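These notes are about the structure you will find just below.
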Amino acid sequence: MKAKIIITPKKAVVDPQGKTVQGALEQMGYKGVTGVHVGKYIEIDLAPGTDPAAAQRALNDAAHKFLSNPIIEDYKLEME
Amino acid sequence: MNFAVLQFPASNCDQDAIHAARLLGHSARYVWHKDNSLGNADVVIVPGGFSYGDYLRCGAIARFSPVMQAVKQFADNGGLVLGVCNGFQVLTEAGLLPGALVRNRDLQFHCEHIFLKPATPDSPFTNKIPAGKILRIPIAHGEGCYFADEETLVKLKANNQILWQYCAANGNLTDVANPNGSLLNIAGVCNERRNVAGLMPHPERACELLLASDDGKWIFESIFAALEKKSAAKAA
């Protein structure tokens, strides 16, 4: 079993990386890009037989306390 | 006074902090990140550097070091804690200071002298800075852009928790003088209780004229004065 955590900067936080990438995409001729947000992707391998519900609770806790900083980032957790 | 200067893997301003404290006539020693106790300490410096390689987020891993539990307890008991640069990032990640530090707005690492306006003399970290004095102090960071949500900023202003702001040589808080895009030109803040502070600039690298400025010593002198006042009050 795998857990995937996608972390993105909050909309209120200036994201210079996203803006720079957006500018580069425009320069390359890609049309219609209205926003780019650069974040992080974390993949976590879980032992076989792990209880998905318990793992999800634990990982939500870890994502909130450690893997993301709720002041500046949002996260999305997916179990697979 | 006894300075405890923390050492994490990849701290690199720990020696500068020790040097500055000793230069100004005080005793200072290192405290390893795996230590559970600070020993005999009057003030704790969380130094600059790239603790744990800045992995995940700056300061995110250092905050879970055993020594940080001791720092938390020390701060809860009213002890003075100053975080410099990466130390500031560690203290915000640990929840000891409000807000967060994000990537500089121009994505560049800035290594230069800047001007700092002390926003209030009312703290153990600013009380000795002469009125109207603008401090010239170096910065060296890639992620020093101060961010806090609107509600936190309102609280910081209301409680006088903003201690230093980036300014022009004449003291004006301009956007050009802001090296990293920090909200309200914030370079450093303190907690509500005013015993924990952090700033991105490096006062420990500006305590002797050989290093082009000794303005940083005013921040250390403020700490000494606050500690003396505290020990005098205790003795009385």
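The values are calculated or read from the model by the stated rules, or taken from the named source; none is laboratory data. Owing to the predicted nature of the structure, the values given are computational and were not obtained by experimental measurement. We place every Cβ from the backbone using ideal geometry, glycine too, and count neighbours over all the protein chains shown.
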Checked the range B:69-84 for anything surrounded by fewer than 24 Cβ atoms within 10 Å (Cβ to Cβ) and within 15 Å of B:His33 (Cβ to Cβ); matches are B:Gln69, B:Ala70, B:Lys72, B:Phe74
Exactly one of B:Arg57, B:Arg29 is over 24 Å from B:Ser222 (Cα atoms) and surrounded by fewer than 24 Cβ atoms within 10 Å (Cβ to Cβ), and that residue is B:Arg57
Of those in the range A:5-18 that are without any contact (Cβ under 8 Å) to a residue 40 or more places away in the chain and facing another protein chain (nearest Cβ under 9 Å), the residue surrounded by the fewest Cβ atoms within 10 Å (Cβ to Cβ) is A:Ala12
Within the range A:33-80, residues closer than 23 Å to B:Asn104 by Cα and outside any loop (DSSP other than H, G, I, E, B) come out as A:Lys40, A:Tyr41, A:Phe66, A:Leu67, A:Glu73, A:Asp74, A:Tyr75
- Query: Quick check, is B:Gly87 loosely packed, with under 15 Cβ neighbours inside 10 Å and within 18 Å of B:Ala140 (Cα to Cα)?
  - Reply: no
Out of (1) within 14 Å of chain A (Cβ to nearest Cβ); (2) out of contact with any Pro (no Cβ under 7 Å at 6 or more places or on another chain); (3) buried (at least 19 other Cβ atoms within 10 Å of the Cβ), the one B:Gln108 does not meet is (3)
Here the residues within the range A:23-80 that are within 12 Å of chain B (Cβ to nearest Cβ) and of a type in the set (Ser, Thr, Tyr) are A:Ser68
Only one of B:Gly48, B:Gly95, B:Gly132 is closer than 22 Å to B:Ile162 by Cα and within 14 Å of another protein chain (Cβ to nearest Cβ), namely B:Gly95
Filtering the range A:29-70 for residues that are of a type in the set (A, V, I, L, M), closer than 20 Å to A:Lys11 by Cα and more than 17 Å from the chain's Cα centre (by Cα) leaves a count of 1
From the option list A:Lys31, A:Lys76, A:Lys10, single residue qualifying as farther than 24 Å from B:Arg63 by Cβ and either modelled with pLDDT under 95 or not aromatic (Phe, Trp, Tyr) (or both) is A:Lys31
Scanning the range A:46-57 residue by residue, those of a type in the set (A, V, I, L, M, F, W, C) and surrounded by 14 or more Cβ atoms within 10 Å (Cβ to Cβ) turn out to be A:Leu46, A:Ala55
The number of residues in the range B:178-221 that are polar (S, T, N, Q), out of contact with any helix residue (DSSP H, G or I) (no Cβ under 6 Å at 6 or more places or on another chain) and either more than 23 Å from B:Asn2 (Cα to Cα) or crowded, with 24+ Cβ neighbours inside 10 Å (or both) is 4
Worksheet item: Has the range B:220-235 got at least one residue that is within 15 Å of the chain's Cα centre (by Cα), among the aliphatic types (A, V, I, L, M) and modelled with pLDDT of 95 or more?
Response: yes
Those residues of the range B:165-179 which are out of contact with any Phe, Trp or Tyr (no Cβ under 8 Å at 6 or more places or on another chain) and within 14 Å of another protein chain (Cβ to nearest Cβ) amount to B:Asp175
By residue number, the members of the range B:44-60 that are at negative phi and part of a strand (DSSP E or B) are B:Val44, B:Ile45, B:Val46
